[in-house]
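Here's the structure we're looking at; comments come further down.
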Amino acid sequence: MKTLKLLSISLAFLCISFAADAQRGVRIGYIDMEYILESVPEYKEAEKQLDAKVQRWKADIEKKSKEIDQMKLNLANERVLLTKELIEERDEEIKIKEDELIKYQQDRFGPNGDLIIQRRQLVQPIQDQVFNIVQEIAEAKKYDFIFDKSADVVMLFAAQRNDISESVLRSINRSNKRKEVTSRKEKKEVEKRESLSDEEDEAVTEREKAIEDKKNEREAAMAERKRIRDSIREVKKMEFQRKRDSLLAVRKKRQDSIKKARTGGNSTAPPSGDGDGEGDGGL
């Protein structure tokens, strides 16, 4: 009887709790982990370094594969000249090389390979940071559930107002700025920024982004004007060079004509007067 009474009381409290939750409404938020990772500079830089390693590993695999193909081709061409023992020995060498290649592929790209391990090491610290920040946001803003949009959870619709990815990113940036602070003035600026609410911080971020966009637009406009000036200068330079070459060609042609005329005049000079004198004397 006493147990039944306690159970009834517990059920009553549980119903009251559910009723209170129903009146308050379930609050659900979500994050986009892929977007967060792509927005963290440290992650992007580490991802670039990892991609460079992957390219080197792929190049090594391609090189080893070509060596094996060449060994097989050489054996096929020389098979008629080799003894049975030498053929078996060459086959064994090829088999060893193939096994080494398979092991190398597994060591680099297998389920427990370097790529998976290093990517996990790359992502894990940021994921832990995001998890802690999500816990803080959930407790501060009374969220009941927070999902990861980029995970395997099927989300047929997600309202933008429930996306807290930007809040998580701001918290990550604040944490990184705290680590980068070297002076008292910078520390005060960081503390002042951290004292802002999410809405105020978002407004400041928007203003900073607008200023940065205007700066980029000015720099792009200046670069375009410089490109146009350089292009006009290059056209003028080419036109000047063309005119100069044309004048030089005309001058050279004139000089060649004068030289040819002089040379031609000397070669067609009339005969000397000695012959005429002899003719006169005969008359």
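Listed values, structure above:
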quantity: Index of the failed condition, Glu38 passing every other in (1) open to solvent by 90 Å² or more (accessible area, probe 1.4 Å); (2) modelled with pLDDT of 95 or more; calculated: (2)
quantity: Qualifying positions in the range 1-35 - on the phi < 0 side of the Ramachandran plot, modelled with pLDDT under 85 and among the small types (Gly, Ala, Ser); calculated: Ser8, Ser10, Ala12, Ser17, Ala19, Ala20, Ala22
quantity: Counted residues, the range 174-208 - those being modelled with pLDDT of 75 or more and open to solvent by 70 Å² or more (accessible area, probe 1.4 Å); calculated: 1
quantity: Selection count, the range 105-129, where residues are in contact with a Leu (Cβ under 9 Å, 6 or more places away or on another chain) and open to solvent by less than 80 Å² (accessible area, probe 1.4 Å); calculated: 8
quantity: Residues of the range 69-95 satisfying the condition of being open to solvent by less than 90 Å² (accessible area, probe 1.4 Å) and over 42 Å from the mean Cα position of the chain (by Cα); calculated: Leu75, Ala76, Glu78, Leu82, Thr83, Leu86, Ile87, Arg90, Asp91
quantity: Complete set of residues in the range 146-168 that are more than 18 Å from Gln129 (Cα to Cα) and either open to solvent by 100 Å² or more (accessible area, probe 1.4 Å) or not in a loop (DSSP other than H, G, I, E, B) (or both); calculated: Asp152, Val154, Leu156, Phe157, Gln160, Arg161, Asn162
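The values are calculated or read from the model by the stated rules, or taken from the named source; none is laboratory data. Values in this document were obtained by computation on a predicted structure and should not be read as measured data. Positions of Cβ are backbone-derived with ideal geometry, glycine not excepted, and every protein chain shown enters the neighbour counts. Remember, those area values only see protein heavy atoms, side chains included, never the ligands or the DNA or RNA. Shrake-Rupley method; radii C 1.70, N 1.55, O 1.52, S 1.80 Å.
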